[in-house]
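Below is one structure, written out as structure tokens; comments come after it.
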Amino acid sequence: MVSQLKQEILHAKAYIFHRESGFGSAYVGSSNISNPAMTDGLEWNVKICQYETVHLWEKINATFETYQLSKEFDRISNDDLPRLDDALNQERHSGASLQENHLAFFDIS
């Protein structure tokens with residue numbers, strides 16, 4: 001999801017992985033999934049396990065659902081990637097973003 005607002009209102013990131021086994025996990029913190037964040041950055045994150053901390057797992061999923069339903073955010077899909085890329089390039093060239101992001105793709109089983 002991406003905020004429609006020009007200002008940055010949400011900086012925390014959440015990566016939520018649902019597993020059919022019931023052993024889902026979520027990582028909540030400040031880091032992007034980028035090469036600088038994963039290798040050089042000083043980032044803070046916490047791992048929440050669906051099986052071990054049910055109350056936190058439910059809170060994170062409820063909060064994420066609230067953001068999904070909010071009119072302040074646009075859902076994006078693969079079809080929207082050119083539009084997202086254009087918006088990111090505009091921000092990068094406007095001087096608003098001083099750090100170059102390098103995306104990292106990986107498979108989590």
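The values are calculated or read from the model by the stated rules, or taken from the named source; none is laboratory data. Just so we're clear, the structure is a prediction, and the values are computed from it rather than from any experiment. What goes into the accessible areas is simple: the full protein's heavy atoms, side chains included, and nothing from ligands, DNA or RNA. Shrake-Rupley method; radii C 1.70, N 1.55, O 1.52, S 1.80 Å.
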Once 55, 93 are ranked on solvent-accessible area with the largest value leading and a 1.4 Å probe, the list reads 93, 55
For residue 59 and residue 35 in one chain, what is 0.36 nm times their gap in residues minus the Cα-Cα distance, to one decimal in nm? 5.7 nm
Quick one: accessible surface of residue 80, probe radius 1.4 Å, all protein chains present, in square angstrom to the nearest 10. 40 Å²
